[in-house]
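A short worksheet on the structure shown next.
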Amino acid sequence: MPRHVVFHGRKIELVLDTVTLPNGQQEVREIVLHRGAAVMLPFLDHQRVVLVWNYRYPIGQRLLELPAGTLDPGESPERCAARELEEEIGYRPGKLLQLAQFYPSPGVLSECMHLFLAEDLQPTQQKLDPGEDIELEILPFEEALARVLRGEIRDGKTMIGLLFYDRWRRSPSA
């Protein structure tokens with residue numbers, strides 16, 4: 001299966017893979033390779049969650065999102081989650097619990113996202129990367145969930161995170 005690297009960037013690699021299908025035919029698949037990411041659901045207390053307004057250049061809009069970030073090479077998802085929380089929202093988690101893993105777009109993207117519940121947050125200082133333009137919004141969890149249901153939150157990882165947590169907290173095994 002020949003692989004042709006079209007682009008190698010800081011966070012992604014675009015490759016063309018020649019694959020043999022079960023019927024014997026060969027096709028070329030366009031794939032974006034990604035190290036993976038952590039997405040965090042940070043609670044300031046039992047009711048309030050911290051979200052971020054983040055400008056997303058590919059769609060030309062600011063979106064209300066859960067904080068998230070790409071894993072550094074060799075970094076564990078847990079370490080990434082703690083690092084990104086401090087960088088993006090200025091809090092260090094006292095407790096991280098991995099709730100789920102999911103693939104946001106497995107038809108073209110290898111990225112696996114690791115969803116964490118972050119609690120016992122201790123204030124530190126926000127350390128934004130150059131070029132990041134992030135504004136915090138603290139909401140009651142129920143209001144964040146209502147915004148998903150009204151179509152006001154449209155970021156996929158945020159929708160998954162909020163809806164998954166809502167279902168998880170109501171389950172008898174939680």
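The values are calculated or read from the model by the stated rules, or taken from the named source; none is laboratory data. Computed from a predicted structure; not experimentally measured. Cβ placement follows ideal geometry from the backbone for every residue including glycine, while neighbour counts extend to all protein chains displayed.
Could you grab me the full set of residues in segment 8-25 that are loosely packed, with under 10 Cβ neighbours inside 10 Å and within 15 Å of ARG35 (Cα to Cα)?
GLY9, ARG10
Scan segment 147-174 and report the pairs whose first residue is not assigned by TED's automatic domain parsing to the domain that holds MET40 and whose second residue is in a helix (DSSP H, G or I) and at pLDDT below 95, with Cβ atoms within less than 8 Å and a gap of 6+ or a chain change.
Here the result reads none, with nothing in segment 147-174 linked to a residue that is in a helix (DSSP H, G or I) and at pLDDT below 95.
Would you mind listing the strands (runs of 3 or more DSSP E) fully within segment 1-103 where at least 2 residues are in contact with a Gly (Cβ under 6 Å, 6 or more places away or on another chain)?
37-42
Closer than 30 Å to SER173 by Cβ, modelled with pLDDT of 95 or more and more than 18 Å from the chain's Cα centre (by Cα): is that true of LEU97 in this structure?
no
So, in segment 109-144, exactly how many residues are at pLDDT 95 or above and either part of a loop (DSSP other than H, G, I, E, B) or among the hydrophobic types (A, V, I, L, M, F, W, C) (or both)?
Number satisfying all stated conditions: 17.
Within the bounds of segment 33-43, is there any residue that is more than 17 Å from LEU115 (Cα to Cα), of a type outside the set (A, V, I, L, M) and surrounded by 13 or more Cβ atoms within 10 Å (Cβ to Cβ)?
Checked segment 33-43: no residue is more than 17 Å from LEU115 (Cα to Cα), of a type outside the set (A, V, I, L, M) and surrounded by 13 or more Cβ atoms within 10 Å (Cβ to Cβ).
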